[in-house]
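Bear in mind that the values in this text are calculations on the coordinates, not laboratory data. Being a predicted model, the structure only gives us computed values, none of them experimental. No Cβ is skipped: glycine too gets one built from the backbone with ideal geometry, and neighbour counts run over all protein chains shown.
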Amino acid sequence: MNLFDKFAASASIQKQLESSGLDPTHVVIDQILSATEGIIDGKTTILAGTNNYLGLTFNDACIEAGCHALRHQGTGTTGSRMANGSFDGHVALERELADFYGTRHCMIFSTGYTANLGVLSALLEPGDAVLLDADAHASLYDGCRMSGADVYRFKHNDTASLDKRLRRLGERAQRCLIVTEGMYSILGDCAPLKKMVELKNKYGAYLFVDEAHSLGVFGETGRGVSQALGLDDEIDFIVGTFSKSLGATGGYCVSNHKQLDLFRYASRPYIFTASPSPSVIATTRAALRQLIKQPELRENLWKNAHQLYAGLNALNMHLGPDISPVVAVRMTDNESALAGWKKLIDQGVYTNMIVPPASPDGSSFLRCSVSAAHTPKQIEKIILAFSRING
Ligand code: PMP
């Protein structure tokens, strides 16, 4: 055995993917034409798997803000805030996010991934307990693991399973964090937050919700599933990302717990990485303003979500349980997912191929995420392309 023998399995996956002609994990979008179209392999392609929920990546105000920041503040921060200091935009964005959520505290991170790592590893330590939804994102697993806390999984969205585990913890429930997502990223289903809040109150535990895919999508002002269910005040920590509805990169955590500010001294993924560059902060701030002042983006998004879900449902595709901007088609196995993905790309439709270990319950999916920027005609084309993948 040498160091590289363990890559034999990856090499065989790579070979299988390459044999399809175009490897879904190595797609190059040669040209980005808009929030919903690009050129792949010489062909104009509808981008139906971007997480660009509000379509803000080409918003004029966001682009202007980014260009202005580049000119006036340079290309990067070249270090972490703890070592190099904060730029005014970092502080302003934290204040604006706290105002948006109506919380007292906010902390931003360089990515959504490091936000989860940074919050979980600072909050938890060996001896603490985490109850983690089995289908939670890899960054939540990694953050829990990094903390050294005892991690117990409960069945996906199953509050009876959560209740059982909380009961088993006994007094330790008071040192327990329940970790869930708002809307789940693969099937677009939502956590039963109301019941989860009831349980956390019953046992004196704490609740952490990753709203990465729910920001800008759910709730009266777009704060996420917590807001849609009227539960914002009950959630101890809400984490989110700039990389989906806000069209940039970065992450954040908001909370009313004053200790969040102390995480700055304890969170290695906050301390030991460069802070977001000024242009990223500027476009994110502009996107947040658009999210707030253009509720019609959310309305369009949902119109498109309903159109896509209804169209694929009419084709008897095996879809997730809830209608949402994430619409995933369950395929019978990896091979049919790869063949289907290829037939879609051949017809000018880009989707996400999701196979184990990235998928829940070991299944394979062709996942679409719709955008407010898709036109009804584009959605029709996506549905038509799906109608041709079997056979
Ligand atoms: N949480 C969830 C639920 C996600 O789906 C993702 C990314 N897909 C992240 C966190 C990480 O976000 P980012 O890509 O901004 O690092």
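Among beta bridges identified by DSSP and lying wholly in the chain, the antiparallel ones come to about 55 percent.
Taking the convex hull of the alpha carbon atoms in the chain, what volume per residue do you get, in Å³?
Working: hull volume 61.2 nm³, N = 391.
Per-residue hull volume (Cα only) is 157 Å³.
For the range 228-322, the alpha carbon positions stretch 53, 32, 26 Å along the principal axes, listed from largest to smallest.
When Rg and Dmax are taken over the Cα atoms of the range 265-391, they come to 18.2, 57 Å. For SER371, SER12, SER34, the sequence from fewest to most other C-beta atoms within 10 Å is SER12, SER34, SER371.
Under a Cβ-only charge scheme (Lys and Arg +1, Asp and Glu -1), can you give me the dipole magnitude of the chain about the Cα centre, in debye to the nearest 20? Could you put the intermediate results ahead of the total?
On the way: 37 positive and 40 negative charges, 56 e Å.
Roughly 260 debye for the chain.
Straight-line reach from LYS258: which lysines have Cα under 30 Å away, leaving out those fewer than 8 places along the same chain? Partners within reach: LYS194, LYS195, LYS200, LYS202, LYS244, LYS293.
Sum up the charges of everything whose Cβ sits under 15 Å from the Cβ of MET146, counting Lys and Arg as +1 and Asp and Glu as -1, but leave MET146 out.
Numbers: positive: ARG145, ARG268; negative: GLU125, ASP128, ASP142, ASP150.
Summing Lys/Arg as +1 and Asp/Glu as -1 gives -2.
Among PRO295, PRO321, PRO24, the residue with the largest mean-square fluctuation in a Gaussian network model of the chain, with springs joining Cα atoms closer than 10 Å, is PRO321.
Per residue, the convex hull around the alpha carbon atoms of the range 7-47 comes to 73 Å³. Taken over the Cα atoms of the range 26-107, the convex hull encloses 160 Å³ per residue.
Projecting the Cα atoms of GLY112, PHE208, CYS253 onto the dipole axis of the chain, where Lys and Arg carry +1 and Asp and Glu carry -1 at the beta carbon, places PHE208 farthest toward the positive end.
Evaluating 6.51 cos²θ - 1.76 cosθ + 1.60 at θ = phi - 60° for every residue in the range 153-165, the Karplus couplings come out as 8, 10, 4, 3, 6, 10, 6, 5, 5, 5, 4, 4, 5 Hz, glycine and proline recorded as x.
Spin-label model, ASP60/ALA134: points 7 Å from Cα along the beta carbon direction are separated by 5.1 nm. Springs join every pair of Cα atoms under 10 Å in this Gaussian network model of the chain, and among ALA328, ALA149, ALA212 the largest mean-square fluctuation is at ALA149. Building the convex hull from the alpha-carbon atoms of the range 60-293 and averaging its projection over directions returns 11.7 nm². In order along the range 61-73, the Karplus-derived 3J(HN,Hα) couplings, from 6.51 cos²θ - 1.76 cosθ + 1.60 at θ = phi - 60°, round to 5, 5, 5, 4, 4, x, 5, 4, 5, 4, 5, 9, 10 Hz, and Gly and Pro are given as x.
Considering only the other residues whose Cβ falls under 14 Å of the Cβ of GLY311, what net charge follows from Lys and Arg at +1 and Asp and Glu at -1?
Net charge in that neighbourhood comes out at +3.
The shape of the range 97-205 can be summarised by an equivalent ellipsoid whose semi-axes, obtained from the alpha carbon gyration tensor, come to 21, 17, 15 Å from longest to shortest.
Taking a ≥ b ≥ c as the square roots of the Cα gyration tensor eigenvalues, with a/c under 1.5 meaning rounded and otherwise prolate when a/b beats b/c, else oblate, which class fits the range 254-294? Oblate, since a/c reaches 1.5 and b/c is not below a/b. Straight-line cross-link partners of LYS381 among the aspartates and glutamates, defined as a Cα under 17 Å from its Cα and at least 8 positions apart when in the same chain: GLU37, ASP346. Helical content of the chain, expressed as a calculated mean residue ellipticity at 222 nm, amounts to -12500 deg cm²/dmol (DSSP H runs of 4 or more residues, -39,500 (n - 2.57) each, divided by residue number, nearest 500). Taking LYS244, LYS164, LYS15 in turn, the Gaussian network model of the chain (Cα-Cα springs below 10 Å) assigns the largest fluctuation to LYS15.
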